[in-house]
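Below is one structure, written out as structure tokens, with a few remarks after it.
Where a number appears in this text, it was derived from the coordinates with a stated rule and is not lab data. Bear in mind the structure is a predicted one, so any value in this text is a computation, not a measurement. In this analysis, Cβ positions are derived from the backbone assuming ideal geometry, glycine residues included, and neighbour counts consider all displayed protein chains.
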Amino acid sequence: MAIITLTTDLGIKDYYVSAVKGTILKELKNDVTIVDISNQIKIFDVRNAAYTIKNAFENFPVGTIHILGIDAGITVTRQAILMEYKGHFFIGADNGLFSLIYDFPPEKLYELNIDFNTNVLTFPTRDIFAKAACHIARGGTPEVIGKRINKIASFQKPIPQTQESFIKGIIIHVDSYGNSITNISRKLFEEIGKNRSYIIGFRNYEVTKLSHNYSDVQDAMYLGLFNTGGNLEIAINKGAEGHGGSASTLLGLREDEIITVTFKK
């Protein structure tokens, strides 16, 4: 049975997500499992979408098909793309999102065939991406619905700046708890740190010892840890919007705020 996931900025207020699911079910009936990764990506925010799908997709079996309906507009100059990467299929608009997902060049890239004389451009997530996903789910080959390409739109990834004893990163994502997640990976932290003591600095605060989980500190206290995606995260234990405040609100750690790590020389 095929698995198709949805990551979109369509929200949950309107009928849009149900229309996408209905289209898939009408074509595949009982031969598909549809999984919502998130339909509440911030509107047009491809960086937010990239963080979400990148940390989610490898939890699914190889062969899973991922519909990316974020900033989904298609034009003659911005095509619909199908990407094969790590054995998964990704379908969405060529808006730079794909370039933020992969760490090395994808196996294959395709530009989907589109008849611009139809009304499919009004709702491309339903009428283009979902239809392409159903084709792949039925065992169809990408070559039937698209042509091979070698280049897609690209965004520069926010890469931490490093020196021998210093890392400068930024907040790249704030989750639903208000936890502030950086672009500093555990791997980079360990490579630069070499088991040395450190100070993690942000605004007028600092952390000198990383926690293993949130409950390592008392309720309402801030902490640093590596999250399940392997990124350095600043959080407040049991802090969230409506529950005493979060790292994002109380510490001012919103997206693009600077985080530094200084290691003892």
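So the values come out like this:
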{"item": "Two-decimal log10 I(q)/I(0) for the range 1-77, as the Debye equation yields it once each C-alpha is a single scatterer, q = 0.11, 0.15 Å⁻¹", "result": "-0.29, -0.54"}
{"item": "Alpha carbon convex hull of the range 65-153, volume per residue in cubic angstrom", "result": "86 Å³"}
{"item": "Radius ratio Rg over Rh of the range 1-40, counting only Cα atoms, Kirkwood formula for Rh", "result": "0.97"}
{"item": "Above-threshold pairs, the threshold being 30 Å between Cα atoms, out of K157/K194; K42/K265; K42/K151; K29/K157", "result": "K42/K265; K29/K157"}
{"item": "Bridge type composition, the chain - antiparallel percent by DSSP, nearest 5", "result": "70 percent"}
{"item": "Computed over the range 2-148: relative contact order in percent, which uses C-alpha pairs under 8 Å that are six or more apart", "result": "26 percent"}
{"item": "In the range 114-173, the chymotrypsin sites (Phe, Trp or Tyr not before Pro) that fall in loop regions by DSSP, at most 15 other Cβ within 10 Å", "result": "F116, F155"}
{"item": "Computed over the range 161-263, Kirkwood Rh from alpha-carbon pairs, angstrom", "result": "13.4 Å"}
{"item": "The range 168-259: GluC sites (Glu not before Pro) falling in loop per DSSP and having at most 15 other Cβ within 10 Å", "result": "E241"}
{"item": "Three principal axis lengths of the range 2-148 [C-alpha, angstrom, descending]", "result": "35, 35, 34"}
{"item": "Hull shadow area, averaged, the chain [alpha-carbon convex hull, nm²]", "result": "15.6 nm²"}
{"item": "Two-decimal Rg/Rh across the range 86-215, once Rg and the Kirkwood Rh are taken from alpha-carbon atoms", "result": "1.12"}
{"item": "Antiparallel %, DSSP beta bridges [both residues in the range 1-90], to 5", "result": "20 percent"}
{"item": "Highest-first arrangement of 147-153, 61-67, where packing means the average Cβ count within 10 Å", "result": "61-67, 147-153"}
{"item": "Positive-end residue of T228, T208, L188, charge dipole of the range 183-246 with Cβ unit charges", "result": "L188"}
